[in-house]
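Below: the structure, in structure tokens.
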Amino acid sequence: MAFLRWALAALVVQAAVFSVIAQDAEQAQVVAELSISDVKVVIKGADGSAISTLTGTYPKAVLANPQVPAAGSLDVSLSVKKGGESFKPQQVMLMLKSKSLGLAAYAVGKLKSGSYSLSINAAAVEKQIGKAAGEYEATLLVGDPSTPKGISYALGTAELLFSGASNAPEPAAAVRTAKFQPANNVKPDITHIFRAPEKRPPAIVSLVFAGLALVPLAIVILYVPLATGVNFKAWSAAPLAALLFHGGLAAMLLLYLLFWLKLNLAQTLPLAGAGGLFVAGSGYMLLSALSTQRLKKD
Amino acid sequence: MLAEIVKAFSDEYKKTPVRVKVLDAFLVYALATAAVQFAYMLLVGTFPFNAFLAGFLSCVGFFALTVCLRMQVDPANKEFSGISPERAFADYCLANLVLHLVVWNYMG
């Protein structure tokens, strides 16, 4: 018990020491906060000339729903400081969020001689979320993992105009985000396509060839008894087994005919198995009788 | 000259056992039936292609099985002397039943 008590006391002391150290670290971090200054919002026309230039002070909105021309752009420039010194945060972005769809398009800031510049236009928005003309909420986002708080500067709203050509009616896939695809956007069922029946020859041609295919069979039936001297002498070796064996073979052939005409494979296979066993048994009786007869003769 | 060859051949062929002659007749029968189906395919077309394949390949398969049986029951062929003709015929029956089950299945 004494050992346990010592261990518990050690744990309490350890926790107290760690909490003091953690508090110190928090106080040290509070010092370095992000700040932005020299925020300049420029709306440019199709020819690249500035239509209006606005100066913003965080956190006061500057945009009062001006129109951004189709070929023009919305440009923002700013400088970022941390703890009063020039700083390069990991993220500087301009977010344009469509009021009607709730989707957002982003522009990434580029650092140029100490200040960031961001530019977004209708084409970039269309590329990211599809064509959605209308009002957008513009927000400037600045963030870095080394600071506890990022900056989200709501600049106000602006109306994006898309070019006349791209305003033309377009299929429903204009908004390219899975969430906004229609729920019933189901692809049509794929069904097996059978080979299209070709033009069949006249029935007489098929019948003639069917007859021709039977001619060799007829010749065999006529020729074999006449020319080869085949005979039924072996029948007497085991008459019953011979009858069963040949009857079984005929039944198998009949089963195959039924299989072709109406049965399916699952129905046929058990019957074929049973018939096969019967043929095997009767065949064994017949053939062993024939074999003993042959060996006796030899 | 040609007549002599044919005569010599038929004289010699008369000496072959009856069962080998019957098997030869079956071989010619299978070939002729296959030839008729092949001619139909060339002249008319392959349209029910599975039916053509089933018919043609049943002839080819039957031919191959019959050749095997002929080799096994021919007394002149000593290579299969360990297999009795009855045993060879039983194998032949089984193989033909399996072959034709597949053929009828494929014929559709």
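This table checks each residue for (1) within 11 Å of chain A (Cβ to nearest Cβ); (2) in contact with a Ser or Thr (Cβ under 8 Å, 6 or more places away or on another chain); (3) without any contact (Cβ under 8 Å) to a residue 24 or more places away in the chain; (4) open to solvent by 70 Å² or more (accessible area, probe 1.4 Å).
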position: B:V6; (1), (2), (3), (4): no, no, yes, yes
position: B:R19; (1), (2), (3), (4): yes, no, no, yes
position: B:G61; (1), (2), (3), (4): no, no, no, no
position: B:C68; (1), (2), (3), (4): no, no, no, no
position: B:M71; (1), (2), (3), (4): no, no, yes, yes
position: B:D91; (1), (2), (3), (4): yes, no, yes, no
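Scanning the range B:21-34 for residues that are in contact (Cβ under 8 Å) with a residue 40 or more places away in the chain, facing chain A (nearest Cβ under 8 Å) and open to solvent by less than 20 Å² (accessible area, probe 1.4 Å) gives no hits. Checking each residue of the range B:101-108 against the condition of being at pLDDT below 95, in contact with a helix residue (DSSP H, G or I) (Cβ under 6 Å, 6 or more places away or on another chain) and at positive phi gives at least one match.
Scanning the range A:74-96 for residues that are out of contact with any Phe, Trp or Tyr (no Cβ under 6 Å at 6 or more places or on another chain) and open to solvent by 20 Å² or more (accessible area, probe 1.4 Å) gives A:D75, A:S77, A:K82, A:G83, A:G84, A:E85, A:S86, A:F87, A:K88, A:Q90, A:Q91. Contact map, the range B:95-108: first residue in contact (Cβ under 8 Å) with a residue 40 or more places away in the chain, second residue open to solvent by 30 Å² or more (accessible area, probe 1.4 Å) and in a helix (DSSP H, G or I), Cβ cut-off under 6 Å, separation 6 or more or different chains; pairs are B:W104/A:W260; B:Y106/B:N50; B:M107/B:A51; B:G108/B:N50.
Of A:A154, A:A104, A:A133, A:A122, all but one fail to be in contact with a Leu (Cβ under 9 Å, 6 or more places away or on another chain) and surrounded by 19 or more Cβ atoms within 10 Å (Cβ to Cβ); the exception is A:A122. For the range A:202-240, filtered to residues that are among the hydroxyl-bearing types (S, T, Y) and exposed (fewer than 14 other Cβ atoms within 10 Å of the Cβ), the residue that is farthest from the other protein chains (Cβ to nearest Cβ) is A:S236. One residue stands out among those in the range A:33-63 that are among the hydroxyl-bearing types (S, T, Y), part of a strand (DSSP E or B) and touching a Phe, Trp or Tyr at 6+ places or on another chain (Cβ under 9 Å): the one that is surrounded by the fewest Cβ atoms within 10 Å (Cβ to Cβ), which is A:S37.
Each residue in the range A:279-298 was checked for being open to solvent by 50 Å² or more (accessible area, probe 1.4 Å) and within 12 Å of chain B (Cβ to nearest Cβ), and 8 of them qualify. Among residues of the range A:241-260 that are within 11 Å of another protein chain (Cβ to nearest Cβ), those with a beta-carbon under 7 Å from a residue that is among the β-branched types (V, I, T) at least six positions away or on a different chain give the pairs A:F245/A:V279; A:G248/A:V279; A:L249/A:V279; A:M252/A:V279; A:L255/A:T268; A:F259/A:T268. Taken across the range B:35-49, residues that are more than 22 Å from A:R200 (Cβ to Cβ) and open to solvent by less than 30 Å² (accessible area, probe 1.4 Å) do not occur at all.
The values are calculated or read from the model by the stated rules, or taken from the named source; none is laboratory data. These numbers were taken from a predicted model, which means no experiment stands behind them. Don't worry about glycine lacking a Cβ; one is built from the backbone with ideal geometry, like all the others, and counts go over all protein chains shown. Protein only, heavy atoms only, side chains kept; ligands, DNA and RNA dropped before computing areas. Shrake-Rupley method; radii C 1.70, N 1.55, O 1.52, S 1.80 Å.
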